[in-house]
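Everything on this sheet refers to the single structure shown next.
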Amino acid sequence: MSVESLFPRRAVVTGAMSGIGRSAAELVLAAGGRVLGIDRTEDAWQAPGFSPRTADITDPEALKRVFDEAAEVLDGAPDALIHCAGIYRFKALLELTAEEWEQSMRVNSTGSFLVAQAAARVMGEGGIVLLSSVAYARGDEGEPGSAYAASKGAIVSLTRQLAVELGSRGIRVNAVAPGVIDTPMTTIVNDAAATSALLSRLPARRLGTAEDVATACLFLAGPGAAYVTGTVLPVDGGYLVS
């Protein structure tokens, strides 16, 4: 089995204009696949086989419109969803407002539910991958984020439940839990001392890259992981065991 055959061929990728989502889309395209890319920004990059669409992942009607186009855009029903869109906020409990809590839950948790629901309605057999975070399993005093951690924990529970519900339809559902990844959302890279302290205890001795996470997502979404469902894969350089 070639590397290219391990990846999905007709993928929907959210958060596709930057970071992990863009990397995932580029890897599918490099392997000869097609991508329907969803993001809230209209500032889309261009590539053969890439079809960008603008949509709010918390808007069911907007998602329905986009996913209704998927089979035509991808030349067949999607065989993968890589859901990378989300927000990262960190604020200590006593400073966090109810509105900020609700926004994190709405975008990260409810958004994951709505995107997975829209995808499952139009997919053939294949894989759904949702993005959680190591924050679901380990607290962080340096960057406190109870809303973020809770929203990512909900994604873990959602993943396990959807794996059971959708298995009979030939749809596998897994989650990837990134550690500290060097993307525009990551703030620790702005603090040299904190970054150095982190790297000193990470077994991998480096920050992760968007491609590190994207490659794991595509493996779980593709035929190479045909007997893997309901799991959470940390892509964290050993963060959870350090």
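What does the charge count near L74 come to, summing +1 for each Lys or Arg and -1 for each Asp or Glu among other residues with Cβ under 13 Å from its Cβ?
Within the 13 Å Cβ shell, the charges total -1.
List D191, D182, D39, D212 from most exposed to least, where exposure is judged by having the fewest other Cβ atoms within 10 Å.
Result, fewest neighbours first: D191, D182, D212, D39.
For the chain, return all DSSP H helices satisfying: extent of Cα atoms along own axis at least 27 Å; mean Kyte-Doolittle hydropathy at least -1.0.
Going by DSSP H runs, the hits are 146-166.
Alpha carbons only, please: Rg and Dmax for region 1-155, in angstrom.
Using the Cα atoms of region 1-155, the pair Rg, Dmax is 16.2, 53 Å.
Given H placed 1.01 Å from N in the peptide plane, which residues other than close sequence neighbours of G126 have an amide H under 5 Å from its amide H?
HN-HN under 5 Å from G126: I171, R172.
Using per-residue counts of other Cβ atoms within 10 Å, averaged over each peptide, order 79-89, 162-172 from highest down.
With the highest mean Cβ count within 10 Å placed first, the list reads 79-89, 162-172.
Region 173-242: Rg/Rh from Cα coordinates, Kirkwood Rh?
1.04
Just add up the charged neighbours of S132: K/R +1, D/E -1, any other residue whose Cβ is under 13 Å from the Cβ of S132.
+2
Take region 94-242, compute every pairwise Cα distance, and split them into 10 Å bins from 0; I just need the percent in each bin.
In order of increasing distance, the bins hold 11, 37, 34, 15, 3 percent.
Laboratory data are not the source of any read-out in this text; all were calculated from the coordinates shown. Not measured: the values here are computed from a predicted model. Backbone-built Cβ (ideal geometry, glycine too); neighbour counts: all protein chains shown.
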